[in-house]
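Here the structure comes first, spelled out in structure tokens, and everything after it is commentary.
Just so you know, all these numbers are worked out from the coordinates, no wet-lab data involved. Computed from a predicted model, the values in this text were never measured in an experiment. So basically every Cβ, Gly included, is an ideal-geometry build from the backbone, and we count neighbours across all protein chains shown.
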Amino acid sequence: MLMGLLQPTSGRVRLLGQDAWAHAAQLRPRLGYVPEKPRFYDWMSVAEIGWFAAGFLPAGSLERYQSWTQRLGLEPSVKLRHLSKGHYSKVALALAMAGDPEVLILDEPTSGLDLLVRREFLGSMVDLAAGGRTVVIASHQISEIERIASHVAFLSAGKLLLTAPLDDLRQRLVRVTGSGALPADLAGLGQILERRVSDGQWEMVLLDPTADALAQLEARPDLGSLATTPLSLEEAYTALLSQREAA
């Protein structure tokens, strides 16, 4: 839908201020896309696929492609069929960047890559974002995304569970732990996504906790000390999924 290849069944998608479906042709030159499993003409070499693709891209694309292949350590004469998965993905990134896109869309870009290649690839994404581009990444590698993302959207079964800047998310989703009997009246604390009690210890995961209510809870002498900690992205996603399934 972001690429303008599929029309939304409801709602709408806007990209760079335009409707992604109605203005797909105008938007496409401004977008770069790396699919999860890129497929090219494998009988071509790294250099040849860039020359071929440049015929469909704006002026200067071949030079940009060649610059990116050099930056990514790709050998121009090697046939695509002889590349590792990591290097094949690098070709896809170089082709996506050849058109000098304003928005780069990546679908599971690190799937199947080894640790060092994943780190290198994600580091490149940070550099691109720092250069003023928007980079949209869809990924199940949540811990990796946490290292580089500025904004996060959690999706499940086609539904948006929560979206927020990463810094705000750390304030909005917290784990509260304490000892003693868990109070029966928890109204006003925030939305309780998870709750566990075991051997005099309890913990809750709260969405949008209320500072005043937490302070009142902490002041109660029968509860012992309270600890409030932010959740990792993986913990946040798990809690949101648990709440959705319970509902």
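Applying the criteria of a DSSP loop state and at most 12 other Cβ atoms within 10 Å to the GluC sites (Glu not before Pro) of the stretch 1-74 yields no site. Backbone geometry of the stretch 38-48 corresponds, through the Karplus equation with coefficients 6.51, -1.76 and 1.60 at θ = phi - 60°, to 3J(HN,Hα) couplings of x, 9, 10, 7, 5, 7, 7, 8, 4, 5, 5 Hz, x marking Gly and Pro. Dividing the mean sequence gap of close Cα pairs (under 8 Å, 6+ apart) by how many residues the stretch 114-189 holds gives a relative contact order of 15 percent. Over the chain, DSSP H runs of length four or greater, each weighted -39,500 (n - 2.57), average out per residue to a 222 nm ellipticity of -11000 deg cm²/dmol.
Evaluating 6.51 cos²θ - 1.76 cosθ + 1.60 at θ = phi - 60° for every residue in the stretch 18-24, the Karplus couplings come out as 10, 5, 5, 8, 5, 10, 4 Hz, glycine and proline recorded as x.
What's the angle, to the nearest 10 degrees (0 to 90), between helix 61-71's Cα axis and the longest principal axis of the chain? That works out to roughly 60 degrees. By DSSP, the beta bridges lying fully in the chain are antiparallel in about 75 percent of cases.
Relative to the dominant Cα principal axis of the chain, helix 115-130 is inclined by about 90°.
Springs between Cα atoms under 10 Å define the GNM used for the chain, and in it the highest mean-square fluctuation of Gly178, Gly60, Gly200 occurs at Gly200. Working from Cα positions, state the angle (0 to 90°, nearest 10) between the long axis of helix 85-98 and the longest principal axis of the chain. Computed tilt is about 80 degrees. In the stretch 179-240, Cα pairs under 8 Å separated by at least six residues give a relative contact order of 34 percent. Less than 5 angstrom separates the built amide H of Val135 from those of Leu104, all sequence-distant by 5 or more or on a different chain.
Note on Phe56 and Ala157: with the Förster distance fixed at 41 Å, the Cβ-Cβ geometry gives a FRET efficiency of about 0.70. Taking every Cα-Cα distance in the stretch 122-221 and sorting them into 10 Å bins starting at zero, the pair-distance distribution P(r) comes out as 12, 36, 25, 19, 8, 0 percent. Straight-distance candidates among the lysines for linking to Lys159, with alpha-carbon spacing under 18 Å and chain neighbours fewer than 8 residues away dropped, are absent. Extension gain for the segment His140 to Asp168, taken as residue separation times 0.36 nm less the Cα-Cα distance, is 8.0 nm to one decimal. The relative contact order of the chain, computed from alpha carbon pairs under 8 Å that lie at least 6 residues apart in sequence, is 14 percent.
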